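**Q** Just passing along the structure, written as structure tokens.
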Amino acid sequence: MSTIVAVSTPNAVGGIAVIRISGDNSLDVAEKIFKPSGDRRIKEMAGYTCCYGIAHDNGERLDDCILTVFRAPHSYTGEDVVEISCHGGIYVTRQILRTALKNGAENAGAGEFTKRAYLNGKLDLTQAEAVMDIISAKGERELKMAENLREGSAFRKAKECSGKLMKILGDLAAWADYPEEDIPEVQPENLCRELKEIRKELLSLIENYDSGRIIREGVSAVIVGRPNVGKSTLFNCLSGCERSIVTDIAGTTRDVVEESVKIGDIVLRLADTAGIRDTDDIIEGIGVDIAEKMIYSSELVIAVFDGNSPLTEDDLNLIKKIDNKKTVAVINKSDLGIYPEISEIEKYIEHTVYLSAKESSGIEKLQSAIEAVFEINENSFLQPAVANERQKKCIDNALVCVESAVSALENGELLDAVNVLIDEAEQYLLSLTGEKVTDAVVDEVFSRFCVGK
Ligand code: GDP
């Protein structure tokens, strides 16, 4: 395979930048562009050793650097790898990169180092995808989840199921192809039991997919409520800046203001809307229409009520509108005291929290309530689970086949038909792990990576 090079650190000024070279000729390229101090020769360096020296372009000094050698197969990619750590200026880093390109290396494509690790059997496809998740993790639980995958948890589970399917296929083939060998007949009831067991295990792999997706991708959420209950104040308190207009005059947030905010480990793609109430003001009316549409398109509704005044007709109408939506009710202005009858909201909305947006107190209760709405808990992230739509689709497809095989058996259909379905399920599991996958899928997986990883 060709020898590739890329800057593996961000394209920004920093203390150190790393230029990574991987491939059969990486040590040759390094010899041409790097002079170790003393009379060390890069080609004679053992794996996992480093040396100090000068990166140069045909003798012209570029920077003093540290060079580290990793010998195949004991490297990230499984190939000979050289990493040059230079001073982290954008210009100097680019110069070293260009010099490596002039001396026989080729530009690495997006994710090409990890793709090579996969092609060289260092990682399976789910682990390679987890590398990307580790890079983009924005919080502790997201990182834990990615690390869990990187350790191969989903791979092992899928592999276990695939092994069981393979064994069933073997039994069926042996029984059908060698009748004279006195091989015990495959009992449909046993087969059905085994398949149901596999179905259970596959289901457990996608069970926490939605909570995982919420931690990874965030949730679209909308703040609604009648005017003056404190929606903008809550929005500003969550986003930490004064973007919405906060006033005492009802109906001042007429447009939709959007912001990504983080509550605990959950990112909310949050929209603050015009207060929802009956209004004759045309412009305000447009804002109200948008707010109502956003209720339908958002995954989470944060419905705000004024805790210091009785429930109004507008509040009750809102409660009706958000019926069937995943909702957290925020009873705001708790600093002013709570109007006793307001707790009636708890009858309508299961997850209700009391807080003061103005004083930023009680926000942690909102976080717990959101987690409860999406059934997120610590354990969700420690179970083996698939991490993205590609992986989920493979399991979904495998499940359809296993379920059809179970029904076929229960309906007394021929084992030949069952065999075809089990084989198909097996193919989906092999494509999940990357053991049997098209080049197009591999390219698609790695196209999402950054260059240098
Ligand atoms: P919106 O129309 O629902 O967006 O309401 P605003 O956020 O503009 O707030 C309306 C008024 O209520 C403003 O005067 C806020 O300062 C006040 N307010 C909002 N939240 C609180 C709170 O938690 N406690 C108190 N005491 N006042 C609040």
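**Q** For the range 368-378, check the following and say yes or no: at least one residue is touching a helix residue (DSSP H, G or I) at 6+ places or on another chain (Cβ under 6 Å), under 30 Å from Leu316 (Cα atoms) and surrounded by 14 or more Cβ atoms within 10 Å (Cβ to Cβ).
**A** Yes; the residues of the range 368-378 include at least one that is touching a helix residue (DSSP H, G or I) at 6+ places or on another chain (Cβ under 6 Å), under 30 Å from Leu316 (Cα atoms) and surrounded by 14 or more Cβ atoms within 10 Å (Cβ to Cβ).
**Q** Can I ask one more? Across the range 329-344, what is the number of residues that are β-branched (Val, Ile, Thr) and either over 20 Å from Glu364 (Cβ atoms) or away from the ligand (no atom under 16 Å from the Cβ) (or both)?
**A** Total satisfying the criteria: 1.
**Q** Applying the selection to the range 5-35, what residues are under 16 Å from Asp64 (Cβ atoms), touching a strand residue (DSSP E or B) at 6+ places or on another chain (Cβ under 7 Å) and surrounded by fewer than 20 Cβ atoms within 10 Å (Cβ to Cβ)? Talk me through it step by step, then tell me what you get.
**A** Our first condition is that a residue be under 16 Å from Asp64 (Cβ atoms); within the range 5-35, this holds for 15-19, 30, 33-35.
Subset that is touching a strand residue (DSSP E or B) at 6+ places or on another chain (Cβ under 7 Å): 16-19, 30, 33-35.
Once the filter is applied, which keeps residues that are under 16 Å from Asp64 (Cβ atoms), touching a strand residue (DSSP E or B) at 6+ places or on another chain (Cβ under 7 Å) and surrounded by fewer than 20 Cβ atoms within 10 Å (Cβ to Cβ), the range 5-35 yields Ile16, Val18, Lys35.
**Q** Is one or more of the residues making up the range 351-362 away from the ligand (no atom under 12 Å from the Cβ) and within 27 Å of the chain's Cα centre (by Cα)?
**A** The initial filter retains those residues of the range 351-362 that are away from the ligand (no atom under 12 Å from the Cβ), namely 351-353.
Still in the list and also within 27 Å of the chain's Cα centre (by Cα): 351.
Yes - at least one qualifying residue is present in the range 351-362.
**Q** Now for a separate question. Name the residues in the range 1-39 that are free of Cβ contacts under 8 Å to residues at least 24 places away in the same chain and assigned to a strand (DSSP E or B), would you? Steps first, answer last, please.
**A** So in the range 1-39, the residues free of Cβ contacts under 8 Å to residues at least 24 places away in the same chain come out as 10, 31, 35, 37-39.
Scanning the range 1-39 gives a single hit, Lys35.
**Q** Quick one: which residue in Leu62, Leu123, Leu97 is touching a helix residue (DSSP H, G or I) at 6+ places or on another chain (Cβ under 7 Å) and more than 24 Å from Pro384 (Cα to Cα)? Can you show your working first?
**A** Numbers: Leu123 fails: more than 24 Å from Pro384 (Cα to Cα); Leu97 fails: touching a helix residue (DSSP H, G or I) at 6+ places or on another chain (Cβ under 7 Å).
The unique qualifying residue is Leu62.
**Q** Wholly within the range 40-143, which helices (runs of 4 or more DSSP H) include no fewer than the required count, namely at least 3 residues that are within 30 Å of the chain's Cα centre (by Cα) and either at pLDDT below 90 or under 23 Å from Leu432 (Cβ atoms) (or both)?
**A** Numbers: elements: 90-102, 112-119, 125-136.
Passing ranges, in order: 112-119, 125-136.
**Q** Report whether or not Ala417 is assigned to a loop (DSSP other than H, G, I, E, B) and over 30 Å from Ile331 (Cα atoms). Show your work before the answer.
**A** Values: assigned to a loop (DSSP other than H, G, I, E, B): no; over 30 Å from Ile331 (Cα atoms): yes.
No: the conditions fail for Ala417.
The values are calculated or read from the model by the stated rules, or taken from the named source; none is laboratory data. Values in this document were obtained by computation on a predicted structure and should not be read as measured data. Cβ coordinates were reconstructed from backbone atoms using ideal geometry, including for glycine residues, and neighbour counts include every protein chain displayed.
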